[in-house]
Structures are given as structure tokens and as C-alpha cells.
Amino acid sequence: MSLLSGKKIILGVTGGIAAYKTANLVRLLIKAGAQVQVIMTPASHQFVTPYTLSTLSTRPVYTHFFNTADQKGTWNNHVDLALWADLVLIAPATANTLAKMANGICDNLLMAIYLSAKCPVYIAPAMDLDMYIHPSTEKNLKTLEDYKNYIIPAEFGQLASGLVGQGRMAEVENIISFLENSLSKELALDNVTALVTAGPTYEAIDPVRFVGNHSSGKMGYDIALELAQKGAKVLLVSGPSSQSISHPNVTLVSVVSAQQMYDACHKYFNSVDIMIAAAAVADYRPSKVMEQKMKKNNDTFSIEMQKNPDILASLGEIKDKQFLVGFALETQNEVENAKGKLLRKNLDLIVLNSLNDPGAGFGKPTNKVTFIDKNFTIEPMELKTKEDVAKDIVERIIKNYA
């Protein structure tokens, strides 16, 4: 079965002679089991008709923001279209379209979808030889690669101008192969199950008050999403958090206290392959929870605390085949403390955070981490967004788990 089976694909067609090849491209995508939604630029209508591509895709083809024919003023919602797609493929991508994409020019429906897309974007350039090797085109292609788009290289051969050289849109069979090869890498964790913890825990003092911390849960949610995008089935056990996640491979299990998180992790641990403990679990909880709200009767009061169960250590004791990843948030002797935690809790990898690093820690969109594996190999990273840190974590899990 093709890796494209079941994929929802937006095919963007722009105004180049290679647009005539898109009829066969749509046919092969459908044959592979994909759902195809064609978006055409106005100029592309000069090379292939919407009726052809609509018939082959069994879907209406969209070009404009508004549907003028129905006289109802309905519009083609570019955000909904972008969120619908599992991937966007722009083929052919003319020099004009590449320049717009690289510089954020949004003057048609396809560009609005591109700028709204959260899924992988694949680009198949097609133009004449001199245009393809022009420094501006080379710069735009490099920029688009830096944006994490995938470039399907143009091929060598006879061009519409009569010249022979680089610039032909890749043959449709090669485009299909490129997509499938890329997806095989993207789905490196297919058939793998993962358990991720995220967020803080709240330890009740009375029905109103609790002991907690400043964790937003963002790091754990980003890790869960990245694992899911790599094909893993993910159980996300989350303490109270304002973060949200929407992916068919992610199942959210909401908890409040450390004990509830402990129980959930032990319930699922034996059925998973990978465990990433990104939650900021409270070390202690009040020994006694008041049944009624405490009154402010005294100038001072004290709360007796008792130790919470150590979730990660308890899982390290019983782990079998699982690849176990922990976090260490430290303020002093960071590396040595992280190494000690890695040994004590029988981890395969530990992600060290230091609150002494600007931009790292709770409540920030960025993080700066150091990876330490069970061989005590130390790999410090630069300050990055938490989304990019999540990618780095999952990359190391794939490398070491495989």
C-alpha cells in the first residue's frame, strides 16, 4: 500500500507550461489512494482547464477567494483548506510563484493557503534554464528550504523554449516517488507507541487552594505533536494546562495531581515503546487535605507536606523494552546533577534545562537544553523555540531507539 493512501493533498497548480502534466499527476495521486484538492492560480487556466482536474480529482477546483457564480457571496476559506491538508504540493511552481512564497506575497488563494499551512509543503519548480539558474531563483529556493519546505529538484532535458538543460518539472512518477520517500522518513515512528507527560500537577490544600508550579505544559505538548507527526500513537498524560492539541494520533489523558499522573503512567506504561517524562511534577503534597476552605484566622500557618511518588524512578525500575527519557531542571552543578538523575532513574536519555540560561525555563516560548545519553555523551544545544527543541528530542529518540 502506498504511503500516500488516505493522505489529504492540496495540489497547487501555477501558470507554467508544465501544468499540462498535472492531469496525470492527479490521476496517479488518486490511484495511490490520496484525496486531492486542486487549487489553481488564474494564470494556470491558460495551460490546463479546471474541468479536467475537477473530473480527475472528483472535487471542485478552486481559484478565487469568492465563489462569484453562485451569487451568494460564499468564500473559499483558505484557513480551513490549509488545515484540511496533510501535505501541500505545488507543481509546477513557476519563478513568479517561488518569489511570492519566499517573500510572503499573498495575492491569490493558493498563496493564502501556503502561508496558512501547518503541514509539510513540497515544491516542484518548473521554468526555463536561464530562469532556473538565475541568482534570484536560487536565492528563493534556498529561502524556501530554510522555511522547511521540501524542494523536488527540476530535471534535465528538453525545455519549452527549445533549450536543453535543467528546469523541467520532475516527471510525475518521480514526484510520487519523492513524496513516498519523504513520508517514509517523516513516519519513522510508524507502529510505535509513546507515552508523554506534560504540564504541572496541582496538589490540593483545601477545595479552593493548591500547591503548584509555573509549568505551561508547552514542551510536553510540542513533543507529543512531533511524535505523532512522525507516525507514533501517543498517549499524552497532562496536568492542568491551557495548551491544546489536535492530531488523530494523540489521545489526551487529563489529570490533576501527582498521584493521578502516577496511576495513569503505570496503567499505560507496559503497552508503550517510548516514554518521555516532560511534566513538572510536584515533589510534595499536603499530608492532609482540608474538607472545607481554610479561614484566615492566624497571621501565620504551616502545612505539613509528604513526598509524592517518583513517577520516573518507579517506571525506570520496571522498564523492559521501553526507551525512557527524562528532564532535569537545574540551577547549580547542572551536568553532574543530570548525570546522577539519569543513573538513579535508569534513563536512556536526559534533557537538561538550566534556569541560569537566558530564555530557558517555565512560561517561555524558547528553551535551551543539553542532551546526555546513557553513555554520558553530552551534547549542548543552542537556544531554540520549544517546537524546534521538540524536533531535536524526537530526532535523538529515533536515532537511539532504532
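Taken over the stretch 297-319, the criterion of being among the small types (Gly, Ala, Ser), without any contact (Cβ under 8 Å) to a residue 40 or more places away in the chain and open to solvent by less than 70 Å² (accessible area, probe 1.4 Å) is satisfied by ALA313, GLY316.
Can you name the residue in the stretch 45-62 that is among the β-branched types (Val, Ile, Thr) and buried (at least 18 other Cβ atoms within 10 Å of the Cβ) and, of all such residues, is farthest from ILE30 (Cα to Cα)? Give the steps one after another, and end with the answer.
The initial filter retains those residues of the stretch 45-62 that are among the β-branched types (Val, Ile, Thr), namely 48-49, 52, 55, 58, 61.
Now narrow it down to the ones that are buried (at least 18 other Cβ atoms within 10 Å of the Cβ): 48, 61.
Values: VAL48: 18, VAL61: 15 Å.
Applying the filter and picking the extreme gives VAL48.
Taking the stretch 3-48 as the range and being touching a residue at least 60 places away in the same chain (Cβ under 8 Å) and part of a helix (DSSP H, G or I) as the test, the residues that pass are ILE17, ALA18, ALA19, LYS21, THR22, ASN24, LEU25, LEU28, LEU29, PRO42. Among the residues of the stretch 264-282, those identified as in contact with a strand residue (DSSP E or B) (Cβ under 7 Å, 6 or more places away or on another chain) and assigned to a loop (DSSP other than H, G, I, E, B) are VAL272, ASP273, ALA278, ALA279, ALA282. Where strands (runs of 3 or more DSSP E) fall entirely within the stretch 103-175, those with at least 2 residues that are within 32 Å of the chain's Cα centre (by Cα) are at 121-125, 164-168. When the stretch 204-252 is examined, which residues are found to be outside any helix (DSSP H, G or I) and among the aliphatic types (A, V, I, L, M)? Listed by number, the residues that qualify are ALA204, ILE205, VAL208, VAL211, ALA232, VAL234, LEU235, LEU236, VAL237, ILE245, VAL250, LEU252.
Restricting attention to the stretch 320-338, the residues being modelled with pLDDT of 95 or more and either over 30 Å from the mean Cα position of the chain (by Cα) or surrounded by fewer than 17 Cβ atoms within 10 Å (Cβ to Cβ) (or both) number 0.
Take the conditions of a type outside the set (S, T, N, Q) and over 26 Å from ILE30 (Cβ atoms) and apply them to ASP86. Does it pass? So ASP86 does not fit the description; no.
The values are calculated or read from the model by the stated rules, or taken from the named source; none is laboratory data. Everything numeric here is computed off the predicted structure, so don't read it as measured data. Here Cβ is always computed from backbone atoms with ideal geometry, including for glycine, and neighbour counts include all displayed protein chains. We work out accessible area using only protein heavy atoms, side chains counted, and drop any ligands, DNA or RNA first. Shrake-Rupley method; radii C 1.70, N 1.55, O 1.52, S 1.80 Å.
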